[in-house]
Amino acid sequence: MNDTEYRYRYDLDLKFDQVRRIVFGKNTVSNVGKELTEIGKKNVLIVTDPNVHKFGLLNSMLESISGSGIKYEIYEDISNEPNMDNIVKAVSFARENGKFEAVIGIGGGSVLDTSKMVASMMTNEGEPKEYLTPIEDKFRKPGAPKILIPTTGGTGSEVSNMSVVIEKDTMYKTWAASSNLLADTALVDPVLNVSAPPRTTAASGMDALAHNVEGLISKEANPISDGIAAKAAGLIFNNLRTAYNDPGNLEARSAMSMGAMLGGMVITYPWVAGPSILGHCLGEAFGPKYGAIHGVAVGLALPYILDFNISAAYNKISSIARIFGIKHHGESPRAVAAKIPLAIIELLRDLEMPTTLKEINFPKSDIEKFATYVFESRQKLYDLPRFNPRRLTRENSITLITNMFDGTFENYKDLGRK
């Protein structure tokens, strides 16, 4: 594709699966009992984390379940990031009990990703680590029915076909991917997000924005994915500041929930690769390695990978100006494209989030080593030559990581920050 005249390919063979049912709206969490009754399940495992329980976010759901005559047990030994130890323990708990007919996951991305693996491992043999093969679906049997309920507007895990896991030895993220990981019902209730701390709102919102923007500039983007990603990116960019500063604003919360959910759909399209281009490739490596939570890591990476890709995709990147509502008057597409990273930097600052690697204590001495790892190894896991607009070399990888460390861009060197 020649970016000087951006156009879609319409001769692609497209095949994809999506969640069977989506229930979206305020206070819809009270519909859980009805959903379980419809599929005839009478004994369920609820996977969550201690904070969800602590803040009372389970109350309405538990009333609905009990009122429908359904038995339940709560498992809440889940941490903020999806690690293998969490998954192994949760799978063992579900298997040893042997009585659960369905799984409900209610929480952030870590909880939902764990819930997917638990439901799938209830019907498939072996250990969870055997299924962490991003380019191969190793699940042979459908998982137990599952209802996924997000309490943060970020990952879109409730509608995606992936389960992300942090490898214990390397501290880098990998994932399982399969249509068997899709929820039977995604239940999205914006009211559940109101109690999310501002830092969680900011980080999860940037994760959702990255899903959609990276999907937009994927080399295999198409009208279906773009229609969804463009609307979602606009909802997030134009409502995240309000959700951060005014947590009880349900209009902003609803917009964020919708944008995050749509982003989960985008990352499920195998012919787009969703977030599997350069931003998530980087963020899912340096984030766990250097202690930055997922949304902070991919949010930090987003403006820099857009700047990096301008030389190969300036027409597509410039189209984001309309989505974000950025004014421009007669500039060339390349000049307009160069404004997008700056707009995201401004958003990060308004959300009081880091904008450089040095701010998350990434060692300067690791720049060359990390860049070399991305070029020589990690880009293969994400199949970047297929999906990322600009090809990586060892040299431009080092330049990119250096820019991320210093806070400089190829197209606008000075971000106006000392």
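Side notes on the structure shown:
- Among the residues of region 68-75, some residue qualifies, meaning at least one is polar (S, T, N, Q), over 22 Å from the mean Cα position of the chain (by Cα) and assigned by TED's automatic domain parsing to the domain that holds Asp113.
Listed here are the residues, each with its yes/no results for (1) assigned to a helix (DSSP H, G or I); (2) of a type outside the set (Gly, Ala, Ser); (3) buried (at least 19 other Cβ atoms within 10 Å of the Cβ).
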{"residue": "Asn309", "(1), (2), (3)": "yes, yes, yes"}
{"residue": "Ile326", "(1), (2), (3)": "no, yes, no"}
{"residue": "Glu331", "(1), (2), (3)": "no, yes, no"}
{"residue": "Val336", "(1), (2), (3)": "yes, yes, yes"}
{"residue": "Phe362", "(1), (2), (3)": "no, yes, yes"}
{"residue": "Thr372", "(1), (2), (3)": "yes, yes, no"}
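- In region 312-341, the residues that are farther than 21 Å from Ala210 by Cα reach residues that are assigned to a helix (DSSP H, G or I) and aliphatic (A, V, I, L, M) with C-beta atoms within less than 6 angstrom, at least six apart or across chains, in these pairs: His328/Ala321; His328/Val336.
Conditions (1) crowded, with 21+ Cβ neighbours inside 10 Å; (2) within 23 Å of Leu57 (Cβ to Cβ); (3) in the same structural domain as Thr152 (by TED's automatic domain parsing), marked per residue:
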| position | (1), (2), (3) |
| --- | --- |
| Asp207 | yes, yes, no |
| His211 | yes, no, no |
| Gly215 | yes, no, no |
| Pro247 | no, yes, no |
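- When each of Leu342, Leu282 is tested for being surrounded by 23 or more Cβ atoms within 10 Å (Cβ to Cβ) and either among the hydrophobic types (A, V, I, L, M, F, W, C) or in the same structural domain as Asn245 (by TED's automatic domain parsing) (or both), the lone residue that passes is Leu282.
- Output for region 374-395, where each listed residue is surrounded by 16 or more Cβ atoms within 10 Å (Cβ to Cβ), touching a residue at least 24 places away in the same chain (Cβ under 8 Å) and in a helix (DSSP H, G or I): Val374, Arg378, Gln379, Leu381, Leu384, Phe387
- Residue in region 289-296 that is modelled with pLDDT of 95 or more, of a type outside the set (Gly, Ala, Ser) and within 22 Å of Leu342 (Cβ to Cβ) present: yes
- Test result for Pro275, surrounded by fewer than 24 Cβ atoms within 10 Å (Cβ to Cβ), over 20 Å from Thr399 (Cβ atoms) and at pLDDT below 95: no
The values are calculated or read from the model by the stated rules, or taken from the named source; none is laboratory data. Computed from a predicted model, the values in this text were never measured in an experiment. Quick reminder, even Gly has a Cβ in these numbers, built from the backbone with ideal geometry, and neighbours come from all protein chains shown.
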